[in-house]
1. Going highest first, how would you order 32-43, 143-154 by mean Cβ packing within 10 Å?
2. Would you please give the residues with an amide H less than 5 Å from that of ASN74, counting only those at least 5 places away or on a separate chain, with H modeled from the backbone geometry?
3. In whole Hz and in residue order, list the ³J(HN,Hα) couplings for region 165-171 that follow from phi through the Karplus curve 6.51 cos²θ - 1.76 cosθ + 1.60, θ = phi - 60°; x for Gly and Pro.
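FYI, it's all coordinate maths here, none of it is from the lab. On a predicted model such as this, the values are computed, not experimentally measured, just so you know. Neighbour counts run over all protein chains shown; Cβ positions are idealised from the backbone, glycine included.
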Amino acid sequence: MTDRPTAEITQLLFASRGGDAEAMEALLGMVYADLRRLAGRQLRGERSEQTLSATALVHEAYLRLMNSAEGDFNDRQHFFRLIARAMRRICVDRARERLALKRQGSEHRTTWDDDKLSGEEQAGMLLELEDALEVLRAENESLVQLVECRFFAGLTEDETAEALGCSRSTVQRDWTRAKKLLKEILVS
């Protein structure tokens, strides 16, 4: 993610979580570009007329995370994993709202191979992925954490291994397994 020293970011995380406004501002300044890239990943494939910008997603997720019980961070990777989860939840909530407003009683199933999808189809796919992650969570919480790190937070294999406290080979093996299981869940 960032080239900043992990220890410096971790210190700012702890201080900002303790209510230090200066630390919170310094932290946001240090990781803002990374958070915008992460938000861009979360919003990829969204329809062009959507109203949530990467900037708005960063700010909303950051505020949600800092004001939640989930905001106790172990380190930089843990912070990025939790903020990616907060961003995903915001996107899922918006997708649910969009579908609720536009649903006309018909179910239309899409495939993940479609190139051009309407906003409703994109929202539906996001909700399908969220549902699949919940099914996977019931089977194996650690695989969901891995998906959050790799897919949603965009962490490398090494960063994911550090965030999850496991080896790089475990990340590689479990990533293959998680993708296979999600694919099975999505097509069933």
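1. On the way: 32-43: 18.5, 143-154: 21.8.
The densest-packed peptide leads the list: 143-154, 32-43.
2. Here the answer is PHE79, since their amide H atoms fall under 5 Å of that of ASN74.
3. Ordered by residue, 3J(HN,Hα) equals x, 9, 8, 4, 5, 5, 4 Hz.
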